[in-house]
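Below: one structure, written as structure tokens.
Laboratory data are not the source of any read-out in this text; all were calculated from the coordinates shown. Here the structure is a predicted model, which is why all the values come from computation and not from measurement. We place every Cβ from the backbone using ideal geometry, glycine too, and count neighbours over all the protein chains shown.
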Protein chains: 4
Amino acid sequence: MARHEFDSVEFHSTIGSHPPVLRIEPGDTVVTATVDAGGWDARGRQVAAPGNPQTGPFFVTGAEPGDALEVRFDRIWPNRDRAVASTSIAPRVLEPEYLQELSSVTPERVFAEWHVDTKQGTAMLMSPETGLGHLVLPIDPMLGCFGVAPDRGQAISTATSGPYGGNMDYRGFRVGVTVSLPVFVEGALFFVGDGHALQGEGEIAGTGLEISMDVEFSVALRKRAGIRWPRGESREHMFTVGNARPMDQAIQHATTEMVRWLQNDLCMDALGVHTLMGQCVEYDVGNVYDPAYTMVCKISKGLLAGLRRAPA
Amino acid sequence: MARHEFDSVEFHSTIGSHPPVLRIEPGDTVVTATVDAGGWDARGRQVAAPGNPQTGPFFVTGAEPGDALEVRFDRIWPNRDRAVASTSIAPRVLEPEYLQELSSVTPERVFAEWHVDTKQGTAMLMSPETGLGHLVLPIDPMLGCFGVAPDRGQAISTATSGPYGGNMDYRGFRVGVTVSLPVFVEGALFFVGDGHALQGEGEIAGTGLEISMDVEFSVALRKRAGIRWPRGESREHMFTVGNARPMDQAIQHATTEMVRWLQNDLCMDALGVHTLMGQCVEYDVGNVYDPAYTMVCKISKGLLAGLRRAPA
Amino acid sequence: MARHEFDSVEFHSTIGSHPPVLRIEPGDTVVTATVDAGGWDARGRQVAAPGNPQTGPFFVTGAEPGDALEVRFDRIWPNRDRAVASTSIAPRVLEPEYLQELSSVTPERVFAEWHVDTKQGTAMLMSPETGLGHLVLPIDPMLGCFGVAPDRGQAISTATSGPYGGNMDYRGFRVGVTVSLPVFVEGALFFVGDGHALQGEGEIAGTGLEISMDVEFSVALRKRAGIRWPRGESREHMFTVGNARPMDQAIQHATTEMVRWLQNDLCMDALGVHTLMGQCVEYDVGNVYDPAYTMVCKISKGLLAGLRRAPA
Amino acid sequence: MARHEFDSVEFHSTIGSHPPVLRIEPGDTVVTATVDAGGWDARGRQVAAPGNPQTGPFFVTGAEPGDALEVRFDRIWPNRDRAVASTSIAPRVLEPEYLQELSSVTPERVFAEWHVDTKQGTAMLMSPETGLGHLVLPIDPMLGCFGVAPDRGQAISTATSGPYGGNMDYRGFRVGVTVSLPVFVEGALFFVGDGHALQGEGEIAGTGLEISMDVEFSVALRKRAGIRWPRGESREHMFTVGNARPMDQAIQHATTEMVRWLQNDLCMDALGVHTLMGQCVEYDVGNVYDPAYTMVCKISKGLLAGLRRAPA
């Protein structure tokens, strides 16, 4: 149950079987930091090339293919006061016919600057000048991109995502959440980066409020868990994550993984699982911007707890 | 501001330019009932063929193509105690590779029976026997299918949806919500049906708890509104609805309609709209079962109200 | 085996259960004409509203739901010398990111005029001025939109398509081809229109060379055929047609219908069908422009004939 | 203009920046061999792990990011007489509703064995027993998977594809064709593998007739070509390749790349390009099985040659 303070000096723009920066044990906690999507750190220095540079990888002793790596996010909080964000909705999220019309009405692609008050937990729009004025929003810090090394020796761009995690840009990946990732290589090799002080659902502008973060996480291992896609638990929900395009395929992965969870891991009967999910399932949109889109399937933990208490 | 009590004896399985059953004025309220998706009414008699039979159409005096018909749902509540529901998740929402595996583990397609306690506002699973036992859930009544006659003299199956509304199966269409529909024909010709006592997001089993409903709604007219897709307002949100396949196209329609609403109707500047939506937009999944899927784009009304109070 | 000369004066912009304009018997031939997509006839008069106005419907005696209506196209040839065509590729067929760039480089949407020499069988580009000069192309006349009345009393816009046919814009619908359509209503109610002197695959500009046509077709009936999607035969191929969005769904319908044809109608064994299709299937893109896209699955008739001659 | 005989002993299951096995000059020819998708070589020995193992990479002197690597396939011919193939159409190519039905009618997934007569150029089905008997088909050898190292230091599974090439499974990649690939890293790093003696369009069963091949190819370099997706030339056509899911996105990439080719490289005017493609474009389906689907956009070279001869 060691607590490691790790100060990263090297960053990766792919998630793959890179040499580990630190070896940790199940139960350990890591206190570290992430640079922003553009590679800028807490002190405003660009220390990595742009494109969601990752801190890590962390080698988890005992992790083997087929296991699940559980990562609990204990702290995700901005460590500086300046965030940047896109100011244009991505073409792929708008009607194709609208785009030609749009190009005559929107200005050049500019980046917005936001001032983040880490004590108040707010962000204020500083520029450009828009009708929003100095809009102030409560922040809701999250991690856009994290994951474990994929199979076959692949090294995959941090622009996209898959069964191993990656750039999912789901605002539900916030503090207090535990995420399970399928392990594909020895040691799992966990990466983390791309913090957003705030992000709309879908990440439709292609960015959140991009900022460097203080991150603290703890790991555990579930041997031979046999999960196929990321799973997570928040206080209220258990959830599964599908990453693919189109959204129709992402939702198939997320939904099927939830069926497997309830049926194989929680040992519910097939008819009960289908009946329950049909009337009680919830969905979140992760992102509809990255090369793979992200859909999240959720079930209320309170609902499940009720089921177990009540004899049939 | 008349209040019409209308008892329907004829039902339609297409939404189109059928002869109106009642002529009403903007400001009027209609108190009526809908039969369930299978055509069964409050007294358990099958009075229409299955497939989301609709009550209506209601002709709204003064409505012309280009206007928006505003419908406020004042009451949506089950008028009997028996609901039926599917017990299998639709193949199109699961991984194709999983389906062949699935057919050996799931029983035949059976329908579940639920007992609805309209006083308590709960539903209890009566059959089939599953590990859920007699699961009791709070109901959350909604209307799965409603809309106005589409353009070109079309009559479109109540299985699907489009810019005119139709079978959207969005659980956000509940009491207290006001929906705006683009008017395509004189009188608008409003239809309503397909009540669900409860439904999971996505309607992934292909049904909610299908039940007949007491429905009360009031209409208003916004002349030359020029909306292109359904819009709505709940207490917390303004929202737009896109109906299409794949989900990627549905979300394009919903998102673009929200841009138009903020920019053209609320007169916000383009840069402000994109900046705001990028960080604050929310999405709901309507249905991912019907021939056209439904995605909903939402913005918090409180957030917008704050914007207007604060000078830039 | 009557031969009917039918001169249409009324046209429909939906395919639905409209009053028949002519009653014919299986085995009969109809000699008629179609107006172009904009409603203009052989003499250059606009006699119908734009949007693929249809000639028909023709009531085929004895046709009942579950039957297949076989339509053989005996003649499809332009009956005037002027065609019009779009000059811009549709936004939905181009990369979203390219569209904003594009709007600054392409001129306003203009229509090209083509002069069709019906004796030589060629089309010459007359305007606008482009680097193509007076490009001359051999024509290859086809029908973009035809079908039978759909189920449930629907009347569906001639902009789109479905199991009943409709606006499929497949250049393989040319003279000599026999098309089978699933019958949904008594008399089948066959419609025909939207001739193209020539069209690229995918109809990516949204039009072919739009022109009025002389059309001659003969009908036959296959009782209780139980087909689900349009099927066809050319000299070289048997083919099946799927109409849906995205293309991924259209190709599922076409492929599954071919499996059914080979397995249920030609009585091949399942393993043989899958093995054969895996290595010998061909696909054509119908359209990727209309609300429903069209994909065509083909098998060589020579290949199948060879199979039947050779004992296993 | 050297001619290298290269006998590979090491194979890669990712396309990435691996150490080159041979350094060649533009103009050089390489005579080598590929193992089959399962890793079996000409002599029937399994020398690599399954999953489209690649021969290479070949480092091309002078190749830099932004260039195009031109690869002409001079020889692609089976070097043994045994091929294997799947006998079941992939679930993702069939209607979801059909799949549950299907599992009860198709046998277990078995592999077919084919005997390839490399002199006659034919393949004969040897097993399993089906109604096809000992079906004999002419072979049409092609390469399913080849490409150059992608950007960002990625190493991507040979199961999928992208702008760099990869597992495109397009039957048009046959002898005589020249393919241009965008160069992302110094030396380009060209890989080649996954030969099919024959394959249906779409590779809908997930395999062709998988076989090891003798392969001969020659390379050239086009500096600062700025292409974004693979391009190719056969005797009759110039073509562009888009790799993505859904097919709708793959066709957008292919179509846009053809617009760029005609407009930027062949210096045609925008209006001419759109007018010509609208009426003359052709499409092929590469694969609809792999994680990324492949669509091919084609223009007749004879048509373009005609354009250049004729003054406007």
Would the protein assembly as shown count as rounded, prolate or oblate if I go by the C-alpha gyration tensor, calling it rounded below 1.5 in a/c and otherwise prolate when a/b exceeds b/c, oblate otherwise? rounded
Cβ under 15 Å from D:CYS267's Cβ, D:CYS267 left aside: what net charge do those residues give with Lys, Arg +1 and Asp, Glu -1? 0
Which whole-angstrom value gives the distance between the alpha carbon centres of the range C:2-69 and the range C:71-140? 26
Would you work out which of A:LEU266, A:GLN249, A:THR294 lies farthest towards the positive end of the dipole of the range A:231-309, given +1 charges on the beta-carbon of Lys and Arg and -1 on that of Asp and Glu, about the Cα centre? A:LEU266
Top positive-direction residue, dipole computed over chain A with Cβ charges, set A:GLY56, A:MET168, A:THR178: A:THR178
Computed magnitude of the charge dipole of the range A:1-122 (debye, nearest 20; Cβ of K, R +1, Cβ of D, E -1): 340
What nm distance separates the two modelled labels at D:LEU303 and D:LYS223, each placed 7 Å from Cα along Cα→Cβ? 3.4
Provide the FRET efficiency to the nearest 0.05 for the D:ASP117-D:ARG72 pair, computing r from the beta carbons and using R0 = 35 Å. 0.85
Using r as the Cβ-Cβ distance of D:SER127 and C:ASP265, and R0 as 35 Å, what FRET efficiency do you calculate, to the nearest 0.05? 0.85
Net charge over other residues, Cβ less than 11 angstrom from the Cβ of A:PRO57 (K, R count +1; D, E count -1): 0
In terms of the alpha carbon gyration tensor, root eigenvalues a ≥ b ≥ c, rounded if a/c is under 1.5 and otherwise prolate when a/b exceeds b/c or oblate, the range D:80-226 is oblate
Once label points are set 7 Å from the Cα along Cα→Cβ at both D:ARG45 and C:GLU10, what is their separation, rounded to one decimal in nm? 8.0
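For the protein assembly as shown, what is the charge dipole size about the Cα centre, in debye to the nearest 20, if Lys and Arg each add +1 at the Cβ and Asp and Glu each add -1 at the Cβ?
On the way: 104 positive and 152 negative charges, 0 e Å.
Computed charge dipole of the protein assembly as shown: roughly 0 debye.
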Quick query: amide H of C:VAL110 versus all other amide H atoms, modeled in the peptide plane; which residues come in under 5 Å with a sequence gap of 5 or more or a different chain? C:THR87
Measure out, as a whole number of angstrom, how far apart the alpha-carbon centroids of the range D:259-273 and the range A:202-280 sit. 46
For chain D, what class follows from the C-alpha gyration tensor (a ≥ b ≥ c being the square roots of its eigenvalues): rounded when a/c is under 1.5, otherwise prolate if a/b is larger than b/c, else oblate? oblate
Per-residue average of other protein chain Cβ atoms inside 10 Å, peptide D:249-262 -> 5
So what J values fall out for the range B:244-256 if you push phi through Karplus, 6.51 cos²θ - 1.76 cosθ + 1.60 with θ = phi - 60°, rounded to Hz, Gly and Pro as x? 5, 10, x, 3, 4, 7, 4, 5, 5, 5, 4, 5, 5
Residue-wise, which Karplus ³J(HN,Hα) couplings in Hz belong to the range B:150-163, taking 6.51 cos²θ - 1.76 cosθ + 1.60, θ = phi - 60°, and x for glycine or proline? x, 6, 6, x, 5, 10, 10, 3, 6, 7, 10, 8, x, x
For C:ARG82, residues with placed amide H under 5 Å, excluding near neighbours: C:VAL116
Test item: A:12-19 mean partner chain Cβ contacts at 10 Å: 3
What is the spin-label model distance, in nm, from B:ARG174 to C:ALA2 if the labels are put 7 Å beyond Cα along the C-beta direction? 6.1
The range A:142-171 and the range C:164-181: distance between their alpha carbon centers, rounded to Å: 45
Using each residue's phi in the range D:48-54, evaluate 6.51 cos²θ - 1.76 cosθ + 1.60 at θ = phi - 60° and report the 3J(HN,Hα) Karplus result to the nearest Hz, with x for Gly and Pro. 8, 5, x, x, 6, x, 9
With charges only on Cβ, +1 for K and R and -1 for D and E, what is the dipole size of the range A:124-257 about its Cα centre, in debye, rounded to 20? 620
Length released on extending from D:VAL110 to D:ARG23, taking residue separation times 0.36 nm less the Cα-Cα span: 27.2 nm
Average partner coverage of A:202-213, which counts Cβ from other chains inside 10 Å: 3
Calculated from DSSP helices alone, with each H run of at least 4 adding -39500 (n - 2.57) and the total divided by the residues of chain A, [θ]222 nm to the nearest 500 comes to -4000 deg cm²/dmol
Farthest toward positive dipole pole in chain A [+1 Lys/Arg, -1 Asp/Glu at C-beta], among A:VAL31, A:PRO91, A:THR207: A:VAL31
